[in-house]
1. Give the order of Leu55, Leu99, Leu120 when sorted by the count of other beta carbons within 10 angstrom, beginning with the fewest.
2. For segment 229-283, what is the charge dipole size about the Cα centre, in debye to the nearest 20, if Lys and Arg each add +1 at the Cβ and Asp and Glu each add -1 at the Cβ?
3. Considering only Val269, Pro256, Leu230, whose Cα is most displaced toward the positive end of the charge dipole of segment 229-283, charges sitting on Cβ of Lys, Arg (+1) and Asp, Glu (-1)?
4. Can you sort Thr94, Thr52 by how many other beta carbons sit within 10 Å, fewest first?
5. Would you mind counting up the charge near Ser117? Only other residues with Cβ under 15 Å from its Cβ, with Lys and Arg at +1 and Asp and Glu at -1.
6. Got a sec? Which residues in segment 178-217 would a label at His39 touch, if it sits 7 Å along Cα→Cβ and we count backbone N under 14 Å?
7. So, by mean Cβ neighbours within 10 angstrom, what's the order for 177-189, 105-117 with the highest one leading?
8. Of the listed peptides 10-22, 154-166, what is their order by residue-averaged count of other C-beta atoms within 10 Å, with the highest listed first?
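Any read-out appearing in this document is the output of simple, stated calculations on the displayed coordinates, not a laboratory observation. As the structure is a computational prediction, the values presented were derived from the model and not from experiment. Note: ideal-geometry Cβ built from the backbone for every residue, glycine included; neighbour counts use all protein chains shown.
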Amino acid sequence: MSATMIEARRVGRTFGEVRALHDVSLRVRAGSVLGLLGHNGAGKTTLINVLTTALPPTSGSAVVAGHDVVRQGRQVRRRIGLTGQFAAVDDRLTGHANLLLVARLLGASPRAARRRSEELLAAFGLEHAARRPARTYSGGMRRRLDLAIGLVGRPDVLFLDEPTTGLDPASRVQLWEIVEALAADGVAVLLTTQYLEEADRLADSIVVLDSGEVAATGTARELKARVGTLTVQLSFAGPGQRAAAEDALRRSGLRPAPGADGSAVGVPVESSAEVPAVVRALDT
C-alpha cells in the first residue's frame, strides 16, 4: 500500500463572514493523482493554499508528506512543488536562468544547479529555447517551464492549480503526459481543474467541491455512473433507417434505445472515445 502523502481532515477556512471551506477531507497516496473539481469560487485554490502552508486553516488539520501544515510548515515546503494558475516565470531571464535561480535559492551548489537545470530543460523539451528570454516563449512553453520550476527540488508532492487553463489542445496533452510520468515515478499529485476530460484522463480519484464543501468523491467511472451516462443521440430521416441502425448497433455489441420522441436512438457510451465505434457500426 502506497504511503499517504496528503491528508486533510475536516479542514475549514473562513474570511470574516465568508466561509470558503467547510469540513473538507481528502487523501492522496504516493504515485497517484487526485482531481479536485469545482466551479469558480468553490474553494479549490483556498484548499491548495492551506495544504501548501500559504494559509492556516480556521478549523481541522492537514498533513503533507508526514508533516503538519501549521506546526511544521518549513518541512512541508521542503517536500512540495507548486504550479499555480498563472506561470510564475521571470520573463527577463532565460529558461535556463529561471531554473538555475530556483535551484540556487533551494541551496544547490552552482554545479548541481546547472546539472538540474539541464536535466529539466531536456525532460520538458525546452533545450532549443534554453538561452532565450522567457518572454519569447509560447503559452505552452511557459507552462512547461513553470512546471519544471516546481520540480527543481525533486518534490514528493506536487500541487497543480488549473495548470492547463488557456492552453491549446496540443500543449494540454503534453502537460498531461508529463503529469502521468510524474505519478508513475511515485510523486503524489493534487490537480485542480475545470476540465472534465482532464480529470477523467489523469485522476485516480476525484473530489468535487461546491461552495467550499465536498459534494462528491469517487473515481471518474463511479461518479459518472452515479449521475448518469454519456449518450450518443442519433437522428434518422425515417423509421426504416432507425430500425436498420438499431440492428447494426446491436450486432456490434452496443445497446441502442429508442429516444423519447420515437424518431431518435440513444447509444450509451463510457466516454467520447467510443463515438468512433458507433460511427463504424452504422457505416458497416
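1. Working: Leu55 18, Leu99 27, Leu120 23.
Going from sparsest to densest Cβ surroundings: Leu55, Leu120, Leu99.
2. On the way: 5 positive and 6 negative charges, 23 e Å.
About 120 debye.
3. Toward the positive end, the furthest listed residue is Pro256.
4. Working: Thr94 18, Thr52 22.
With the fewest neighbours first, Thr94, Thr52 line up as Thr94, Thr52.
5. That sum, taken over residues with Cβ under 15 Å, equals +4.
6. Flagged as within label range: 209-213, 215.
7. Numbers: 177-189: 17.3, 105-117: 14.5.
My ranking of the peptides, most packed first, is 177-189, 105-117.
8. Details: 10-22: 15.5, 154-166: 20.2.
Descending mean neighbour count gives 154-166, 10-22.
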